[in-house]
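In what follows, a structure is listed as structure tokens, so that the remarks can point back to it.
Taken together, the values in this text are just the output of simple stated rules run on the coordinates, not laboratory data. Source: prediction; values computed, not measured. Cβ placement follows ideal geometry from the backbone for every residue including glycine, while neighbour counts extend to all protein chains displayed.
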Amino acid sequence: MKRRYSLKERQTLILQMLNENGRVSINDLMEKFSISEVSVRKDLASLEEKKLLLRVKSGAVNLQQYNESDEFSLAKKSLKHAEEKKRIGKLAASLIHDNDTIIIDSGTTTMEVAKSLGDLKHLTIITNSLSIAHYLSQLDKYSVIALGGQIRTTSESTVGLIAENSLNNYYCDILFLGVDSINLEKGMSTPNIEEASLNQKMIKSAEKVVAVFDSSKFEKRSFAFIANIDELDTVVTDEGITEEQKDYLESKGIEVLIARAEE
């Protein structure tokens, strides 16, 4: 028989979980305390009124660890670190060869990879990004496969079992993975569980995994775990990466490419 927690005990434990993990989900709290969704939401609302957490769609986040970009729309994200993302996209695209089959994950930095394909020929490109699929289809020069599935309006992408099962049919040369958060010890993470699950399938479908992200994503954690960093072959980022971060990645056998500003 599961223990019954008092209101005070539940709220104390919720705050402890937030301090340890940064986020809590409604489903996890329902299971832990054996209470209804309504009761969980009341607990979170009470704590938010006391300014002890911030409620989000799937649960709550620690105010001190909250990464505002987690909840930004794709359009707003594209405005942040825009020049760095362009340089990263251009450098990452230099890893592609004619006749490659590649996966391009959804995201603003991965969009810059798509925009930097230049004169490459006979590419097959698989993507879950609606905006990337539309952009590439207008060029009428590549074979573009858009993964089906449930549409997430925030990221303008598809997720879910349909998208994941589609990847069972493909094996690709390179995956360009967008990263919301990367922690050298805890690995890569994203705010959305379904996106994390699809990213895991993408990693399994690719010969080479290239993570593309600006350096502001370092040492952050989001709610849903994607993979440990040893799943990566290459990291493409900007010159904001520290020597310690670069050395650590290279010690794990990961190639680090730095997209530097032109002088």
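Which of Lys90/Lys201; Lys2/Lys220; Lys42/Lys85; Lys50/Lys204 have a Cα-Cα distance over 32 Å?
On the way: Lys90/Lys201 25 Å; Lys2/Lys220 34 Å; Lys42/Lys85 41 Å; Lys50/Lys204 44 Å.
Among Lys90/Lys201; Lys2/Lys220; Lys42/Lys85; Lys50/Lys204, the Cα-Cα distance tops 32 Å for Lys2/Lys220; Lys42/Lys85; Lys50/Lys204.
What residues qualify as long-range amide H neighbours of Gly240, i.e. H under 5 Å apart, gap of 5 or more or another chain, H built at 1.01 Å from N?
Residues meeting the criterion, in which the H sits 1.01 Å from N, are Ser215.
Amide H neighbours of Phe223 under 5 Å, counting only residues 5+ apart in sequence or on other chains, H built in-plane at 1.01 Å?
Answer set, sorted by chain and number: Thr190.
Which residue, chosen from Leu13, Thr109, Ser36, occupies the Cα position most advanced towards the positive end of the dipole of the chain, where the dipole is computed from +1 (Lys, Arg) and -1 (Asp, Glu) charges on Cβ about the Cα centre?
Value: Ser36.
Between the DSSP loop rule and a limit of at most 13 other Cβ atoms within 10 Å, which chymotrypsin sites (Phe, Trp or Tyr not before Pro) in region 117-221 are left?
Values: sites: Tyr135, Tyr142, Tyr170, Tyr171, Phe176, Phe213, Phe218; in loops: Tyr142, Tyr170, Tyr171, Phe213.
Passing sites in region 117-221 are Tyr171.
Would you look at the GNM of the chain, springs on alpha carbons closer than 10 Å, and say which of Asn199, Asn27, Asn228 moves the most?
Fluctuation is largest for Asn27.
So if R0 is 25 Å, what FRET efficiency would Glu49 and Glu219 give, r being the distance between their Cβ atoms, rounded to the nearest 0.05?
Working: r = 31 Å, r/R0 = 1.22.
Efficiency at R0 = 25 Å is approximately 0.25.
Test of understanding: ordering Leu123, Leu44 by Cβ neighbours within 10 Å, fewest first, what list do you get?
On the way: Leu123 19, Leu44 22.
In increasing order of surrounding Cβ atoms, one gets Leu123, Leu44.
Taking R0 as 45 Å, what's the FRET efficiency between Asp230 and Lys141 from their Cβ-Cβ distance, rounded to 0.05?
On the way: r = 36 Å, r/R0 = 0.79.
Rounded to the nearest 0.05, the efficiency is 0.80.
Using the beta-carbon distance between Glu255 and Glu31 and R0 = 45 Å, what value does 1/(1 + (r/R0)^6) give for FRET efficiency, to the nearest 0.05? Spell out each step's value before the answer.
Details: r = 41 Å, r/R0 = 0.90.
In this case the efficiency is close to 0.65.
Mind jotting down a quarter of the surface of the convex hull over the alpha carbons of the chain, in square nanometres, one decimal? Before the final figure, lay out each step's value.
On the way: hull surface 63.4 nm².
About 15.8 nm², averaged over all directions.
Would you give the gap between the C-alpha center of region 226-262 and the C-alpha center of region 1-61, rounded to a whole Å?
About 36 Å separates the Cα centre of region 226-262 from the one of region 1-61.
Starting at the first residue of region 198-212, write each ³J(HN,Hα) from the Karplus equation 6.51 cos²θ - 1.76 cosθ + 1.60 with θ = phi - 60°, in whole Hz, x for Gly and Pro.
5, 4, 4, 5, 4, 4, 5, 8, 10, 6, 10, 10, 10, 8, 10
In square nanometres, what is the average projected area of the Cα convex hull of region 7-66?
Details: hull surface 13.9 nm².
That works out to 3.5 nm².
Residue by residue, what Karplus-based ³J(HN,Hα) values in Hz, rounded to whole numbers, does region 160-177 have, using 6.51, -1.76 and 1.60 with θ = phi - 60° and x for Gly and Pro?
x, 4, 4, 5, 5, 5, 4, 5, 5, 8, 10, 9, 10, 6, 9, 10, 9, 9
Can you show me the helix-derived [θ] at 222 nm for the chain, built from DSSP H runs with n ≥ 4 at -39,500 (n - 2.57) apiece and divided by the number of residues, rounded to the nearest 500.
Details: 10 runs with 98 residues, N = 263.
Calculated mean residue ellipticity at 222 nm is -11000 deg cm²/dmol.
Enumerate the calculated ³J(HN,Hα) couplings along region 27-33 in order (Karplus 6.51 cos²θ - 1.76 cosθ + 1.60, θ = phi - 60°), each rounded to whole Hz, writing x wherever the residue is Gly or Pro.
In residue order, the calculated couplings are 4, 5, 5, 4, 6, 5, 9 Hz.
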